[in-house]
Amino acid sequence: MSLTPQQEIDTKKQINANFKLAEVPIEQVAQDLDTTPEHVQDILDLNPTRLEEPWILKAYLDEKIIEKGGTPVPYTALLGDPKHYWFLNNRFLKKGKLLS
């Protein structure tokens, strides 16, 4: 699935807003997800290596925000359960880790 240009702009804003709300340093995100800070930034910029990676980062950030008692900024494109999208690899999603 590819995003329209407007969906891409909106999704970048939403994932970056949630990154700020999570209040987790990028180095910690990278460590928790077994990757590098540069790769996390690539995903925040919507330049992932795999289509599943924004979904994994979204789930991680949502969890951190909710743990702090907050509410994540809603997404307009990353909606629903990613396991229900035929084009995403469920095994990769289940690992919950990013590529390094």
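The values are calculated or read from the model by the stated rules, or taken from the named source; none is laboratory data. What you are looking at is a predicted structure, and each value in this text was computed from that prediction instead of being measured. Because the Cβ atoms are built from the backbone with ideal geometry, glycine has one as well, and the counts that use them run over all protein chains shown.
Quick rundown of the values:
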| quantity | calculated |
| --- | --- |
| Flag if residue 58 is over 17 Å from residue 11 (Cα atoms) and either in contact (Cβ under 8 Å) with a residue 24 or more places away in the chain or not acidic (Asp, Glu) (or both) | no |
| Residues (in a loop (DSSP other than H, G, I, E, B) and either at pLDDT below 95 or surrounded by fewer than 21 Cβ atoms within 10 Å (Cβ to Cβ) (or both)) located in region 34-51 | 34, 36, 45, 46, 47, 48, 49, 50, 51 |
| Condition check for residue 56: touching a helix residue (DSSP H, G or I) at 6+ places or on another chain (Cβ under 6 Å) and surrounded by 14 or more Cβ atoms within 10 Å (Cβ to Cβ) | no |
| Leading residue by the ranking (nearest to the chain's Cα centre (by Cα)) among those in region 78-95 that are touching a residue at least 40 places away in the same chain (Cβ under 8 Å) and surrounded by 15 or more Cβ atoms within 10 Å (Cβ to Cβ) | 78 |
| Looking only at region 1-20, and only at residues there that are of a type outside the set (Lys, Arg), surrounded by fewer than 18 Cβ atoms within 10 Å (Cβ to Cβ) and within 18 Å of residue 72 (Cβ to Cβ), the one that is modelled with the lowest pLDDT | 7 |
| Evaluation of residue 70 against (1) surrounded by 15 or more Cβ atoms within 10 Å (Cβ to Cβ); (2) in a loop (DSSP other than H, G, I, E, B); (3) not β-branched (Val, Ile, Thr) (one fails), failing number | (1) |
